[in-house]
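Asks: Here you go, one structure.
The values are calculated or read from the model by the stated rules, or taken from the named source; none is laboratory data. Here the structure is a predicted model, which means the values were calculated and not measured. Cβ sites come from the backbone with ideal geometry, for glycine too, and all protein chains shown count toward neighbours. Side chains included, ligands, DNA and RNA excluded: accessible areas come from the protein's heavy atoms. Shrake-Rupley method; radii C 1.70, N 1.55, O 1.52, S 1.80 Å.
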Amino acid sequence: MDERDVLLNELAQGLRPVPEGIEWFDGLGQEEQSEVLLFLRHHCVQARAVAEDAPESIRRAGLRPTHTPAVLISRGRIDEQLGKIASLAPLDERRKAFRLLIAVLTIADARRRERFCSGGCGHWWHRLSVVRQPSTAPLKASSALPGTWERFGQQSHVHGGPATEFVGVMSSG
């Protein structure tokens with residue numbers, strides 16, 4: 001588990017507001033945004049996203065059916081389409097892709113949790129609401145280093161560092 005894992009799962013579970021996640025995403029460089037989108041695509045597949053998730057995901061993401069990510073998710077095999085969505089290059093399309101992939105993960109993981117984890121499970125991300133309360137502190141991209149974020153006046157790299165820097169109450173051990 002790293003900071004990015006926690007942040008994305010908090011977004012998908014509604015423990016952190018999506019606008020905060022979009023602000024974080026916008027603060028990343030193009031390469032890091034691409035990594036995040038591929039990471040989200042992987043999590044959507046692992047959560048067993050299905051084609052039937054597309055309409056509700058589009059609605060939750062606030063996309064029009066004519067937006068490129070919405071068109072892509074509505075056609076063909078879901079795992080292939082999620083890969084195409086994660087590979088979109090223009091900045092405005094990456095933002096839409098981020099919103100859509102968070103929505104897909106929200107729906108697929110909620111279904112997975114209900115079907116397979118309702119009696120309890122070992123997934124750390126299903127214990128986030130028990131482990132900590134959602135942060136009210138804003139998360140923003142730092143201008144100090146690409147791919148860093150700031151909270152409470154501290155900096156940490158998005159792809160590394162102990163969990164204690166990000167969540168404040170979790171131990172890294």
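Asks: Using a 1.4 Å probe and ignoring any ligands, DNA or RNA, find the accessible area of Lys84 and quote it in Å² to the nearest 10.
Replies: Answer for Lys84: close to 110 Å² accessible.
Asks: How far apart, in nanometres, would the label points at Val50 and Arg64 be if each is projected 7 angstrom from Cα along the Cα-to-Cβ direction?
Replies: 3.1
Asks: Can you give me the distance in nm between label points at Glu114 and His42, each placed 7 Å from the Cα along the Cα-to-Cβ direction?
Replies: If labels sit at Glu114 and His42, their model points lie 2.8 nm apart.
Asks: Give me the net charge for the shell around Val71: Cβ to Cβ below 13 angstrom, other residues only, Lys and Arg +1, Asp and Glu -1.
Replies: Details: positive: Arg64, Arg75, Lys84, Lys96; negative: Glu93.
Its environment carries a net charge of +3.
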